[in-house]
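The values are calculated or read from the model by the stated rules, or taken from the named source; none is laboratory data. It should be emphasised that the depicted structure is a prediction, and the values quoted were computed from it without experimental measurement. Note that we place each Cβ from the backbone using ideal geometry, even for glycine, and neighbour counts take in every protein chain shown. Protein only, heavy atoms only, side chains kept; ligands, DNA and RNA dropped before computing areas. Shrake-Rupley method; radii C 1.70, N 1.55, O 1.52, S 1.80 Å.
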Amino acid sequence: TRDQYGNLQPGQGDDMLIYYYDLQGRQVMYRQEKGNRMKPLVRIRWQTPDLHLDKEGKPIKYESPYGSGSHVYIPERLRQTYRAGTQIDVLFLQEGEKKAEKATKHGLPSLGIMGIQNVGSRNHTLPTDLQLVVQKCAVRQVAFLLDADWDDVSDKLRPGDRFYIQIFNQT
């Protein structure tokens, strides 16, 4: 879990800590806005979301450190596939780190995204790690899988909000 100061407390609670690693197996780091220090990216899956509310009072299931940005979760088995340069016919890009890990372990090479709004960067480009996997592993198709609540995003849109869905297919 995490204490009231934002410090990780591994082994001290029932929350799940999700560590992010890049394609070479190095821990993903981000720069803290206050203090300007580099810290490892660790997301938390709260065991009891009702105890962790957002600014609108809604329970939070997953939480990323403030200012850590949007990143792709890369299961270890997919990192091995990437390092070996093994061809991937269909790469699955899906919401959720746990789903990506499970799918990859069962032979469905997958990358996880933090949520539907986290698939691209602010300049509307795909994450670099996704592009590198597609290139090096000669990915033929990318299947984008969303959670069952994918269409709830429309409830939060207001006139003037920008919303993009782009489909990419490399043949």
Of the criteria (1) without any contact (Cβ under 8 Å) to a residue 12 or more places away in the chain; (2) open to solvent by 80 Å² or more (accessible area, probe 1.4 Å); (3) in contact with a Lys or Arg (Cβ under 9 Å, 6 or more places away or on another chain), which one residue 61 fails: (1)
Region 22-39 residues that are at positive phi, paired with ones that are at pLDDT 95 or above (beta carbon under 7 Å, 6 or more apart): 25/79
From 1, 81, residue being surrounded by 13 or more Cβ atoms within 10 Å (Cβ to Cβ), of a type in the set (Val, Ile, Thr) and at pLDDT below 90: 1
Criterion (modelled with pLDDT under 90 and either surrounded by 11 or more Cβ atoms within 10 Å (Cβ to Cβ) or among the small types (Gly, Ala, Ser) (or both)) met by exactly one of 11, 25: 11
Every residue from region 58-78 that is assigned to a strand (DSSP E or B) and either hydroxyl-bearing (Ser, Thr, Tyr) or at pLDDT below 90 (or both): 62, 73
